[in-house]
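The values are calculated or read from the model by the stated rules, or taken from the named source; none is laboratory data. Keep in mind that what you see is a predicted model, and the values were worked out from it rather than measured. When we count neighbours, we look across all protein chains shown, and the Cβ atoms used for this are built from the backbone with ideal geometry, even at glycine.
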Amino acid sequence: MPAPRLRSRSLRKVFRRVPGGRTSIHYKRKKHKQARCGNCGAVLKGVPRELPYKMRSMAKTKKRPERPFGGVLCSRCMRRNIIDKYRQ
């Protein structure tokens, strides 16, 4: 029986083979859902699906694509947004 703190559905079980030959269970946090576009809801490309403590240690350029509205809008909505602003 696992320790009470590990009896949570927010943790996922990872089966690891230890040097002694037996299999032990490691408990890891589940990854968050993929980042989505603020306009159309499409999955954003170029945004990693990592845990917050890993995202904090990442460089800013690795967290989102380097374009206007990178990490907020998908490329299609970004283009549409810029074209609409240019027309006004």
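At-a-glance table
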| quantity | calculated |
| --- | --- |
| Residue within region 71-85 that is loosely packed, with under 15 Cβ neighbours inside 10 Å and in a loop (DSSP other than H, G, I, E, B) present | no |
| Pairs with Cβ under 6 Å, 6+ apart, first in region 28-55 and over 26 Å from Leu11 (Cβ atoms), second of a type in the set (Val, Ile, Thr) | Gly38/Val72 |
| Matching residues in region 21-40 - criterion: being within 29 Å of Gly70 (Cα to Cα) and either touching a helix residue (DSSP H, G or I) at 6+ places or on another chain (Cβ under 7 Å) or not small (Gly, Ala, Ser) (or both) | Arg29, Lys30, Lys31, His32, Lys33, Gln34, Arg36, Cys37, Asn39, Cys40 |
| Cross-chain or 6+ apart pairs with Cβ under 6 Å, region 68-88 first and free of Cβ contacts under 8 Å to residues at least 12 places away in the same chain, then of a type in the set (A, V, I, L, M, F, W, C) | Met78/Phe69 |
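Residue-wise test of (1) farther than 30 Å from Val72 by Cα; (2) outside the structural domain of Ser75 (by TED's automatic domain parsing); (3) modelled with pLDDT of 95 or more.
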| residue | (1), (2), (3) |
| --- | --- |
| Leu6 | yes, yes, no |
| Ser10 | no, yes, no |
| Val14 | yes, yes, yes |
| Asn39 | no, no, no |
| Leu51 | no, no, no |
| Met55 | no, no, no |
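Rundown of residues vs (1) in contact with a Phe, Trp or Tyr (Cβ under 6 Å, 6 or more places away or on another chain); (2) in a loop (DSSP other than H, G, I, E, B); (3) at negative phi, yes/no style:
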site: Arg5; (1), (2), (3): no, no, yes
site: Arg12; (1), (2), (3): no, no, yes
site: Pro48; (1), (2), (3): no, yes, yes
site: Arg56; (1), (2), (3): no, no, yes
site: Thr61; (1), (2), (3): no, no, yes
site: Phe69; (1), (2), (3): no, yes, no
